[in-house]
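J.: Mind looking over this structure? Questions follow.
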Amino acid sequence: MWNKGLQYLRASQSGLFFFFQPLVGSLLGWLVLGEALHLSFIAGCLLIFFGVVLTLRD
């Protein structure tokens, strides 16, 4: 579903979603496998979101 969804976006937009793959994988690991998420995960999430927002600004 992830790849199919990316097909509907332009290349410049779909490239930004590449950075969300580790976040989705970590969240799924937490939900499905019960892995622990630490403060460094939250810090990394904030840095990724900040970088994507900076890139999307006009």
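The values are calculated or read from the model by the stated rules, or taken from the named source; none is laboratory data. Small disclaimer: the values here were computed from a predicted structure and weren't measured. Note that each Cβ is placed from the backbone with ideal geometry, even for glycine, and that neighbours are counted across all protein chains shown. Heads up: the accessible areas ignore ligands, DNA and RNA and are worked out on the full protein's heavy atoms, side chains in. Shrake-Rupley method; radii C 1.70, N 1.55, O 1.52, S 1.80 Å.
J.: Report, by residue number, each residue of region 1-29 that is out of contact with any Phe, Trp or Tyr (no Cβ under 8 Å at 6 or more places or on another chain), of a type in the set (Ser, Thr, Tyr) and open to solvent by less than 80 Å² (accessible area, probe 1.4 Å).
T.: Within region 1-29, Ser14 is the sole residue that qualifies.
J.: Restricting attention to region 30-58, report how many residues are at pLDDT below 90, hydrophobic (A, V, I, L, M, F, W, C) and open to solvent by less than 90 Å² (accessible area, probe 1.4 Å).
T.: Total meeting the criteria: 7.
J.: Working only within region 43-58, note down all residues that are among the aromatic types (Phe, Trp, Tyr) and closer than 22 Å to Ala11 by Cβ.
T.: Result: Phe49, single match.
J.: Does Leu9 fit the bill of being of a type in the set (A, V, I, L, M) and either outside any helix (DSSP H, G or I) or more than 11 Å from the chain's Cα centre (by Cα) (or both)?
T.: Numbers: of a type in the set (A, V, I, L, M): yes; either outside any helix (DSSP H, G or I) or more than 11 Å from the chain's Cα centre (by Cα) (or both): yes.
Here the answer is yes, as Leu9 does meet what is asked.
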